[in-house]
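Data first, discussion second: the structure below is written as structure tokens.
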Amino acid sequence: MHRRIFAPGALAAASLLLAIPASAASYTPGTPGIGDPYYPNYGNGGYDVSHYDLRLRYQPATDELDGTATILARTTQDLSRFDLDFLLDVSEVRVNGVKAAFAESGEHELEVTPKTPLAKGTAITVVVRYSGVPSTKTAYGFSTWHRTPDGAVAADEPEAAWWWYPSNDHPLDKATYDVSVAVPDGTQAISNGTLQSTSSKLGWTRYTWRQNKPQATYLTTLAVGRLDITTSTSEGGVPVVNAYSKDLGDNDGAARAGVERTGEIVDWLSGYLGPYPFGSAGGYVPNTTTGYALETQTRVYYSPRQFANGSNTSVVVHELAHQWYGDSVSLKGWKDIWINEGFARYAQWLWSEHEGEGTAQELADYVYASHPADDAFWTVAPGDPGPDNQFDIAVYDRGALAVQALRNEIGDDAFFAVLKGWPQEHAYANASVADFQRYAERVSGKPLAALFDTWLFQPVKPASAAAVAEAASVPVQPTSWKKIEATNDVHGH
Ligand SMILES: [Zn+2]
């Protein structure tokens, strides 16, 4: 037995020596994670993607998805092998036109071994042919693929891509997208960006969407169902595409009354955050049973439940503010989640003020006073909350309180300059909490290390009353509080 195994092994080793150039020792596998300590296996090392072309077909009746992903990337090291993150069944992988070996490993890794190793800096085209039933796949014991009575939805954070396309699944590797999906006639397919074309053939209708600005993998969405698609243009000139399940029942009117305000709210936010960073905006409300909303780029995902108590513009403000804070400017690591959530929540406070339902300062005072010093709320550090607390309420409310503390420290002129300047400083790229502190210090001319440490990193209630109004007792609850609170279920699976 030993001999029989040993002999072919020796032969293979000999032929490898002949096939690989002298420098082969430097060719190593890319790491199975991109290096995020919160999620060590998310994303991959060794390459950087510039574009995903997804040509898919989806059958709602059976939840069968099949198609081809063509991924344009460039190697960032001498690479003998690399991973994609993916759960469906792969039938073929090609790298630069040549069939590659592939194998599943870990919870969601697809290991690809090209026929010849790839030198650092090589442009590569990876073609993955695949099929499968997404609802049958899990990783770490969970699934974020949502089937609906008439289709399915991929929209979750931080993981949604594994169930429908192979990727380098981390916000550090953003790319542009063409997403083309064929669905049975009478069914619609929604994705990000602009609808380039639709065509029908032999009972199938193909929807082709384009996102021409860099987009994180988790912000790439797919929704299939019987949808009513509406189009308009905001007063400021932003094209708006919204979609609603034809089966929203009693929530239909409230959903439309909220989401049809998208153009108005994009224009209003532009006044605070600068020019809208993308070529289209919008949202969709499928008939899912989830409770959250997600800032999927240019096409926000809303659960019908967000509108169970009537129209809710506060959640629309939150998700649209993310288009600047979270989508155009993405976090560097998941520990930087405050860059996203602290500011999306603060935008809700500004909207409350705009609506005459309580000022940002009143909301800050209320948050500060509502949580006594021994409340676990103060043990969560929004600046680095840990993976288990990434979407804790403190990241939102204490996070927005920190924004108000910054505003009071540097004054309105500098604060609003920071608020509007930041999305342009890092447009279509990535940034961290530390980057934000440096930027705010540069714009305001003030040292802010102590302020950031107090409000974002210390696991105790800040004693400083400087950020909040002097208040001996709990202030009156601002009128907008319950509406804002109703949007707390905005993330998580
Ligand atoms: Zn959010």
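Restricted to the range 425-493, the set of helices (runs of 4 or more DSSP H) holding at least 1 residues that are more than 21 Å from residue 172 (Cβ to Cβ), within 16 Å of the ligand (Cβ to nearest atom) and at pLDDT 90 or above comprises 481-485.
When the residues of the range 327-348 are filtered to those that are among the small types (Gly, Ala, Ser) and surrounded by 24 or more Cβ atoms within 10 Å (Cβ to Cβ), the one that is farthest from the chain's Cα centre (by Cα) is 347.
Quickly run through the range 350-373 and pick out the residues that are among the hydroxyl-bearing types (Ser, Thr, Tyr) and in a helix (DSSP H, G or I). Don't jump to the end; show me each part of the working.
Step one: of the range 350-373, the residues among the hydroxyl-bearing types (Ser, Thr, Tyr) are 352, 359, 366, 368, 370.
Scanning the range 350-373 gives 352, 366, 368, 370.
Mind listing just one residue for me: the one in the range 72-120 that is free of Cβ contacts under 8 Å to residues at least 60 places away in the same chain and aromatic (Phe, Trp, Tyr) and, of those, surrounded by the most Cβ atoms within 10 Å (Cβ to Cβ)? Selected residue: 82.
Scanning the range 108-136 for residues that are under 23 Å from residue 220 (Cα atoms), in a loop (DSSP other than H, G, I, E, B) and touching a Phe, Trp or Tyr at 6+ places or on another chain (Cβ under 6 Å) yields a total of 1.
Within the range 306-332, the set of residues being of a type in the set (Gly, Ala, Ser) and within 12 Å of the ligand (Cβ to nearest atom) comprises 314, 321, 326.
If a residue must be more than 16 Å from the ligand (Cβ to nearest atom) and either surrounded by fewer than 24 Cβ atoms within 10 Å (Cβ to Cβ) or of a type in the set (A, V, I, L, M, F, W, C) (or both), how many such residues does the range 282-300 contain? Matching residues across the range 282-300 total 4. When residue 335 is tested against (1) out of contact with any helix residue (DSSP H, G or I) (no Cβ under 8 Å at 6 or more places or on another chain); (2) within 30 Å of residue 159 (Cα to Cα); (3) away from the ligand (no atom under 14 Å from the Cβ); (4) not acidic (Asp, Glu), only condition (1) is not met. Mind counting the residues in the range 293-324 that are part of a loop (DSSP other than H, G, I, E, B) and within 12 Å of residue 341 (Cα to Cα)? Here the count works out to 4.
Considering every residue within the range 339-349, establish whether at least one is within 16 Å of the ligand (Cβ to nearest atom), among the charged types (D, E, K, R) and outside any loop (DSSP other than H, G, I, E, B). There is at least one residue in the range 339-349 that is within 16 Å of the ligand (Cβ to nearest atom), among the charged types (D, E, K, R) and outside any loop (DSSP other than H, G, I, E, B).
The values are calculated or read from the model by the stated rules, or taken from the named source; none is laboratory data. Model, not experiment: these values are computed from the prediction. Glycine gets a Cβ as well: all are built from the backbone with ideal geometry, and neighbour counts include every protein chain shown.
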